[in-house]
Amino acid sequence: MRVRNTILALIHQCRSVILVSLCCLIIPVAVSAQNTSYSSVVVEGNARIDSESVLRFADLPASGTVSANRLNAAYRGIADSRLFEDITIEQRGRTLVISVVEYPTINQISIEGNSAIKDEDLITLVKSEPRHVYNPAQAEEDATAIAETYRVAGRYAATVTPKIIRRTENRVDLVYEVFEGRVIETERIEFVGNDVYSGHRLRRVLSSKQAGILRTFVRSDTFIAERIEVDKALLEEFYLSRGYLDFEVLSVTSELTTERDAFFLVFTVREGQKYSFGRITASTDVAGLDTAEYLDQSRIKPGETYTPRLINDAVRRMEFLAARQGYAFVRAEPETSRNDVQRSVDIEFQLVRGSRVFVERIDIEGNTTTYDRVIRREFELAEGDPFNPRKVEEAANRIRGLGFFSSVDVTTEEGSAPDLVVVVVRVEEQLTGSLSFGASYSKDDGVAGTINLSESNVLGRGQGLSFGISTGDDKSYDLIFIEPYFLDRELEFRLETSYITTNSSSAGYSTTQWNIEPSLRFFISEDTRLRVGAGISSHKLENASSSSFIVQNDIDRGKGDNVSASYLLDYDSRRSAFNPDIGIVARAGQRFTYGLKDDSTAIRTSALVGAHTTLFNEDITLSGEIEGGVLLASGGPSRLRDRFHMNSSIMRGFAANGIGPRDFSLTLKPSRYGSAVEGQLDPPNPEDIEFTRNYNVPLGGNYFAVTRLETRFPLGASQDVGISGGFFLDVGSIWGLDDTRCSEYLERGSHRVGEIRETTDNDETVTFWPAIPQEQCVIDDGMHLRSAVGFSLFWTSFLGPFRFNFSHDLQSEPYDTPQSFNLELASRF
């Protein structure tokens, strides 16, 4: 046992000695591996990049001893330059050698495999450039940017792979291979928790749309995740403006379909209760202010549906009154208190003295084309005025409403003094030109097309210019110029020029006319506009293919060269309403025309009153309009150019010029001709002639009146693809002429109403113009009511809004021209 213990002790001692010896050998070696000593540094393999640049990237001393960490840092410094494909640092004797392999130069860049998005649109995302050094990290970033563009376009399966094709002289072609994949659509949008408003109505609010039958063309149904936040904000604004203060979007879920080619969107909402306005009061601690006078400016009625818009309007009017009374820094601050029992909101407008802060200047950035003054004139305040945050926000909204900029950001910064601020406007411009195509179809006139080229920001001056051409039986050429701030005031100047020719076979005559009319439009109030204008025009009636004595009389009077003056007062309460489907519209205007050649005058007066509302929580829209007009002429009968003529904007269910007074021709059928005397026939007696009227020439009328009633409603799931339906009922008439008897004109011998032609035995033709009884030569210009009922199909397509009208006349005259179908569209690209 003792021997065994002795042996174990010797083994233990030997093991300790061995371990100590190994440590003594290893430690010096490890320490030596962590440090490198050298007397010089050289660079190998570089061709384009000079050695000094490589050494600068490495940041190593020219000689000495460095640690391993220092060498690693040198490696990273060279690699971060993104100029080298391979890097090696090694010691050869007393020399530290840095070997590099340079990245190749990019010869050209191309994109392959793409069809949904064009090359020129994708290449702008690529940061790599030809004749620059190829960098794999940058190429990967470019590929990610391209893939993100496809993702935003709804192609979530898109992949982009950068590849290089090596060429001579260390050059490569950089190719981005694109696999686009399929567009992932929003197959269905559902709502959970909505009791007041239907899913049809809420889908109209969202920017996202459901996929429809035109999914190949429509891109609003493409699923884009970023739209969800926008949709949530739109829903909240929609409900809040209708009095639902507690509305909340609880969640939005998006799930892929089983085929993984579309999404289902489900919005879970909580509507809450509807609130109305309660007590409206005003208070102030500013001496001299009459709170009752300011309270009158609120115009909010207790019991009215709560909406922030009415509060904002009241604040604006109160602050305007304060500024007018000399209190430039008085602010109206609304304080709200809820009454959950009565579901009302009490408003107290506190008129307080705001801080004395002035606008030092307004800086505008980002406008490369648009003049600064076009943006500045949207501000109600200028340099040196008292600063008003509300006016700044309103100006920002007006600048966005111009449509000139893709983004508008208005902020404030500290000025050069504590009581000064700088308003900074940052904008990003966008294209403002448009090309529009339109078409219409009717059974009588066939297809007519229109082309319109317009620019809303001419040369960056904020001016509008458009040129339009229409084809068909009626051809027109229009040029319109608009200056919205004439003489740097809120005064719109408009210059309209047109050249129009008509050649309708149903009318029996053709016309040629041109017109030049400048006008000014005044803003009377937020809802009311007044336009006044004056112009010159010329109208020529020719090529009459009928025997109409009224048309012939108008032709004999010659070309009408005229001067005119006009005004139009236009009121539309929907301009300032939160719901554009509800409101009242009214228009009234007159045009005074004076003929330079015949001293004739014409006063044409027209007026319209309409009301629009919604039912069943805005699912159904009802509208009704009453319109009428009167033409008073002197110096001769009224002329065709001045009269009211039938068209679809006046009354549906009838063709153009399909109702109203019409001239006629007489077909004479004698029962006996009398006896022949020396080869001549005796004229027949009037009582032996049968007269048949053939109404063929529309003449228009001096008066018209019409009532239009219409309802519009969703058609199930079709509403989600822009299809809705409606019924309409139109009742009205066009009537009244100055001259309805033809006998006086016949006495002049230049016109015959009817004739009888007879051939004798010696082939001679004898013509009789019988004395037609007075009662047979009277045109019926009475006020005969017409009515039509119909169904309309509305389709907001990718080409624009279509309207299909299917109608049936309920009441008409025998000579009217009913129209059972009409298609209208105006497409915009």
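The values are calculated or read from the model by the stated rules, or taken from the named source; none is laboratory data. On a predicted model such as this, the values are computed, not experimentally measured, just so you know. Backbone-built Cβ (ideal geometry, glycine too); neighbour counts: all protein chains shown. These accessible areas exclude ligands, DNA and RNA; they are computed on the full protein's heavy atoms, side chains included. Shrake-Rupley method; radii C 1.70, N 1.55, O 1.52, S 1.80 Å.
The table for this structure:
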item	result
All positions within segment 431-462 that are modelled with pLDDT under 90, within 24 Å of Ala396 (Cβ to Cβ) and touching a Gly at 6+ places or on another chain (Cβ under 8 Å)	Thr432
Residue match in segment 500-514 (condition: farther than 30 Å from Asp816 by Cβ, β-branched (Val, Ile, Thr) and part of a strand (DSSP E or B))	no
Candidate set from segment 336-367 (those that are assigned to a loop (DSSP other than H, G, I, E, B) and polar (S, T, N, Q)); member that is least open to solvent (accessible area, probe 1.4 Å)	Asn367
Qualifying residue in segment 394-408 (condition: at pLDDT 85 or above, part of a loop (DSSP other than H, G, I, E, B) and surrounded by fewer than 18 Cβ atoms within 10 Å (Cβ to Cβ))	yes
Residues of segment 607-647 classified as closer than 30 Å to Arg203 by Cα and among the polar types (S, T, N, Q), total	5
Selected residue (criterion: least open to solvent (accessible area, probe 1.4 Å)) from residues of segment 314-330 that are farther than 20 Å from Tyr275 by Cα and of a type in the set (Gly, Ala, Ser)	Ala322
Residue match in segment 368-376 (condition: touching a Lys or Arg at 6+ places or on another chain (Cβ under 9 Å), within 30 Å of Ser283 (Cα to Cα) and buried (at least 18 other Cβ atoms within 10 Å of the Cβ))	no
Hey, Glu333 outside any helix (DSSP H, G or I), touching a strand residue (DSSP E or B) at 6+ places or on another chain (Cβ under 8 Å) and buried (at least 18 other Cβ atoms within 10 Å of the Cβ) or not	no
Check on Arg693, at pLDDT 60 or above, in a strand (DSSP E or B) and open to solvent by 60 Å² or more (accessible area, probe 1.4 Å)	yes
Every pair of residues 6+ apart whose Cβ atoms lie under 9 Å, when the first sits in segment 515-530 and is in contact (Cβ under 8 Å) with a residue 24 or more places away in the chain and closer than 28 Å to Thr501 by Cα while the second is among the basic types (Lys, Arg) and surrounded by 14 or more Cβ atoms within 10 Å (Cβ to Cβ)	Glu517/Arg494; Pro518/Arg494; Ser519/Arg494; Ser519/Arg531; Leu520/Arg494; Leu520/Arg531
Condition met for Phe263 (at pLDDT 90 or above, surrounded by 18 or more Cβ atoms within 10 Å (Cβ to Cβ) and not small (Gly, Ala, Ser))	no
Residue check for Arg309: over 21 Å from Leu420 (Cα atoms), open to solvent by 30 Å² or more (accessible area, probe 1.4 Å) and within 29 Å of the chain's Cα centre (by Cα)	yes
Test result for Ala145, open to solvent by 50 Å² or more (accessible area, probe 1.4 Å) and over 30 Å from Gly64 (Cβ atoms)	no
Some residue of segment 356-369 being charged (D, E, K, R) and modelled with pLDDT under 90	yes
Count - residues of segment 530-570 that are surrounded by fewer than 18 Cβ atoms within 10 Å (Cβ to Cβ), part of a strand (DSSP E or B) and of a type in the set (A, V, I, L, M)	8
Within segment 413-430, tally of residues that are open to solvent by 70 Å² or more (accessible area, probe 1.4 Å) and either modelled with pLDDT under 80 or assigned to a strand (DSSP E or B) (or both)	4
Checking Val133 against (1) touching a strand residue (DSSP E or B) at 6+ places or on another chain (Cβ under 9 Å); (2) under 20 Å from Val42 (Cβ atoms), the condition it does not meet	(2)
Ile228 being within 23 Å of Glu148 (Cβ to Cβ) and either among the charged types (D, E, K, R) or at pLDDT below 75 (or both)	no
Hey, Glu236 surrounded by 14 or more Cβ atoms within 10 Å (Cβ to Cβ), of a type in the set (D, E, K, R) and outside any loop (DSSP other than H, G, I, E, B) or not	yes
Counted residues, segment 516-529 - those being part of a strand (DSSP E or B), farther than 28 Å from Arg639 by Cβ and open to solvent by less than 50 Å² (accessible area, probe 1.4 Å)	2
Residue within segment 362-383 that is in contact with a Pro (Cβ under 6 Å, 6 or more places away or on another chain) and not basic (Lys, Arg) present	no
